[in-house]
Amino acid sequence: MSTPTLASLASLDRSLYPQVWEQQTFNDAHSLLIAMLTGNIKTDAKAFSDAFTRQLLANDTYQQWINFTVFGGYLQRQFMAFYRQTEDSFNTDMPALFRRELIRHAQYLPLTQILFLAGDMPKIARFDKLLTTTVNPATAVFNAQQAHKKSTMNRSVAVINQITVVGRQVMGFPIRHNRRTSERTRNEVLVLDFQELRLVNEENVISKKRSNIDETMLLRYYELR
């Protein structure tokens, strides 16, 4: 049985954009993210995340994505913790078995799809071929701000990773969240397998004064194939 592609090759971004926020038109997820980071969108990241989620839930392509999977946030969190456990030597084969079962229910992500991840890219991501990302740029901004505030390393800037799917063998699925819980705005996509994760560029994005974003944010661009 061949592995299908989410929404029959339909990129979620192609169905979402262009769209209008605060009387501005944005043609893609990147331009919307930059507008948030520079302060051209005035709404704070948490409120904007809620508003963007409502857009997603009203989108037919996104509904196809989330209706495909049977897996929710609890299973995803347990899988990530279990897969990286090192203490239970009696169950050394279980993480791989669990992963194979998840991959059986996964699909290839469509080309050009943009995903976001807040904070530093996990060092183990390339080895494990695992990433928990979001399609909601406002959620990425909010999570980056929260991680920056909690950081004990005194990093001068918060970090957001913008990941573009450029290969046809990137496998994953969206996580289904209860719409009545605080998880509803996460809009997460669990990436389960890929060939290469490559950093292609990075830039410091400086916000305008009196914006809701930290003064400077480091934006890293990755390609996933």
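The values are calculated or read from the model by the stated rules, or taken from the named source; none is laboratory data. This one's a predicted model, so the numbers in the text were calculated from it and none came from an experiment. No Cβ is skipped: glycine too gets one built from the backbone with ideal geometry, and neighbour counts run over all protein chains shown. Note: accessible area is taken over every heavy atom of the protein model, side chains too, but ligands, DNA and RNA are not part of it. Shrake-Rupley method; radii C 1.70, N 1.55, O 1.52, S 1.80 Å.
Structure above, values below:
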read-out	value
Hits among lysines - C-alpha to C-alpha of residue 150 under 21 Å, sequence gap 8 or more where chains match	46, 123
Relative contact order (percent, whole number), the range 110-170, Cα cutoff 8 Å, 6+ residue spacing	54
Accessible surface of residue 149 - all protein chains present, 1.4 Å probe, nearest 10 Å²	150
Accessible area of residue 33 in the full protein assembly, 1.4 Å probe (Å², nearest 10)	0
Summed residue charge, Cβ within 9 Å of residue 221's Cβ, Lys/Arg positive, Asp/Glu negative	-2
Nonlocal amide H pairs with residue 196, under 5 Å, H built at 1.01 Å	225
Cross-link partners of residue 42 among lysines (Cα-Cα below 21 Å; sequence separation of 8 or more within a chain)	149, 208, 209
Note, ³J(HN,Hα) from phi for the range 42-47, Karplus 6.51, -1.76, 1.60, rounded to Hz, x at Gly and Pro	7, 4, 5, 4, 5, 5
Nearest-10 value in Å² for the accessible area of residue 98, using the 1.4 Å probe	60
Ranking by accessible area, most exposed first, for 52, 127 with a 1.4 Å probe	127, 52
